[in-house]
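Asker: Have a look at the structure that comes next, please.
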Amino acid sequence: MNRIVSNISIAALAMTVTLAANTTQAGTYHTPTSFVEPTAWNVGDANTTYQEWDILASAIGTTPDVGHTVNPAISSTPGLSVVDIDSETPGTGFVSGSANYYSFSQHYGIGADIYNHGGPSGAGGLPAGSGTYVIVQAGLSLNGGTGFFPGTLQIVDPNGGAIAGGDNASAIQQSNLYFGTGIPSPFGPVDYSEDLWEFFLPNYVGDFRVRGDIIVHSSFDVLRVDSAIISPGDVTLDRSVDGADVDALFAEDGNSAATAGLQFDLVADGTIIATPNTTDSDIDELVHNVLGTEYGDSNLDQIVNPTDLADLTLNWLGTGKGWADGDFNGDTIVNPTDLASLTLNWLFDNSTGPVETASVPEPSSLILLGAAAVGVLSRRRRA
Ligand SMILES: [Ca+2]
Ligand SMILES: [Ca+2]
Ligand SMILES: [Ca+2]
Ligand SMILES: [Ca+2]
């Protein structure tokens with residue numbers, strides 16, 4: 001934050017005060033109608049942040065006025081500032097009488113400094129390989145159909161440097177939430193847009209800045225930023241690592257990380273490899289190193305035993321199946337290939353709890369069981 005406090009910023013601040021004092025309108029002119037809550041977590045959950053601004057009180061370091069919830073607490077408060085276009089220096093925009101950011105002379109930018117759990121103000125202690133999921137929602141009036149210049153809303157580090165996954169082209173999603181015409185404003189009726197962006201920052205849990213460049217005569221009105229720490233292997237970004245993540249990773253086999261999403265590229269080489277037991281395999285990284293288990297462990301208790309075999313037999317020759325059903329190679333079918341994976345790892349045990357001592361079939365009898373299952377079902381299909 002200190003980098004933006006300079007002689008230039010003092011001049012900009014003085015201009016802000018003067019212009020704000022000359023305006024006669026007061027208060028914000030539009031309340032977002034379509035902002036959404038995160039679906040993968042609730043505001044206030046552990047290792048998440050939420051901050052929202054509507055009344056923009058200062059051109060530099062406005063604190064969130066709608067809400068600010070961080071768990072666990074972080075020692076620094078987020079700040080929203082006007083910056084120059086394509087720059088992190090204080091900008092020519094100013095606080096309008098409607099408590100928005102505005103410029104009638106030049107394009108300008110906004111930057112929101114967000115303090116994250118692995119940053120200097122946070123508690124740290126997060127699992128190695130954790131990343132950050134960021135949801136940005138903004139509302140602003142348009143000038144000739146433009147508010148933010150396309151491609152400029154992005155996540156950068158607190159000094160403006162690039163973060164993998166934070167560039168606009170890497171956004172998981174960009175959606176228009178609301179578009180309105182004839183919205184009353186201090187400058188007459190305007191078009192108004194509410195938009196949402198989602199980003200995933202792999203291997204990044206530090207502080208960050210949300211920034212974007214805005215066209216002249218567009219009035220920047222509201223901003224909401226939610227973030228959550230994502231554990232390694234949670235490729236579905238739902239704050240849980242389970243069989244659904246294995247299935248999702250299988251489904252991206254052969255795709256580029258840019259296409260699939262950076263969260264899938266667990267062995268970070270730009271390509272998603274979901275072939276078991278191969279060099280640089282992302283699925284091996286998930287199954288072996290993140291989940292600590294082997295192919296065949298349908299219930300992910302780090303043991304391959306009759307419980308998993310029961311899942312497999314229950315779904316034998318079924319289609320549209322996943323890891324939890326006994327599909328261990330991602331082809332969505334439960335068949336002899338999956339049984340072979342299970343038998344190969346039969347009685348694998350990486351659990352820390354007591355080893356199951358109940359009587360279990362020997363591998364030889366297991367293979368006979370599998371052969372019997374194939375035989376029975378083959379006869380049924382012919383019948
Ligand atoms: Ca998940
Ligand atoms: Ca990879
Ligand atoms: Ca198991
Ligand atoms: Ca299969």
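Just so it is clear, none of the values below were taken in a lab; they were calculated from the coordinates. Owing to the predicted nature of the structure, the values given are computational and were not obtained by experimental measurement. Glycine also receives a Cβ, built like all others from the backbone with ideal geometry; neighbour counts cover every protein chain displayed.
Asker: When you take every Cα atom in region 41-100, what is the radius of gyration, and what is Dmax, the widest Cα pair distance, in Å?
Answerer: Radius of gyration, then largest Cα-Cα span, for region 41-100: 13.5, 38 Å.
Asker: Which FRET efficiency value, to the nearest 0.05, is calculated for Ala128 and Thr313 with the Förster distance at 35 angstrom and r the Cβ-Cβ distance?
Answerer: Values: r = 37 Å, r/R0 = 1.07.
Computed FRET efficiency for Ala128 and Thr313: 0.40.
Asker: How far apart, in nm, are the 7 Å Cα→Cβ label points at Thr31 and Asp167?
Answerer: With each label point 7 Å from Cα toward Cβ, the separation is 4.0 nm.
Asker: Here is a further query. Using the Karplus curve 6.51 cos²θ - 1.76 cosθ + 1.60 with θ = phi - 60°, what ³J(HN,Hα) values do you get for each residue of region 220-231, in whole Hz, with x for Gly and Pro?
Answerer: 7, 10, 9, 9, 10, 10, 10, 9, 8, 6, 10, 5
Asker: With a cut-off of at most 16 other beta carbons within 10 Å, and DSSP calling the residue loop, which chymotrypsin sites (Phe, Trp or Tyr not before Pro) in region 100-193 qualify? Please list them.
Answerer: Working: sites: Tyr101, Tyr102, Phe104, Tyr108, Tyr115, Tyr133, Phe148, Tyr178, Phe179, Phe187, Tyr192; in loops: Phe104, Tyr115, Phe187.
Here the sparse-neighbourhood loop sites are Phe104, Phe187.
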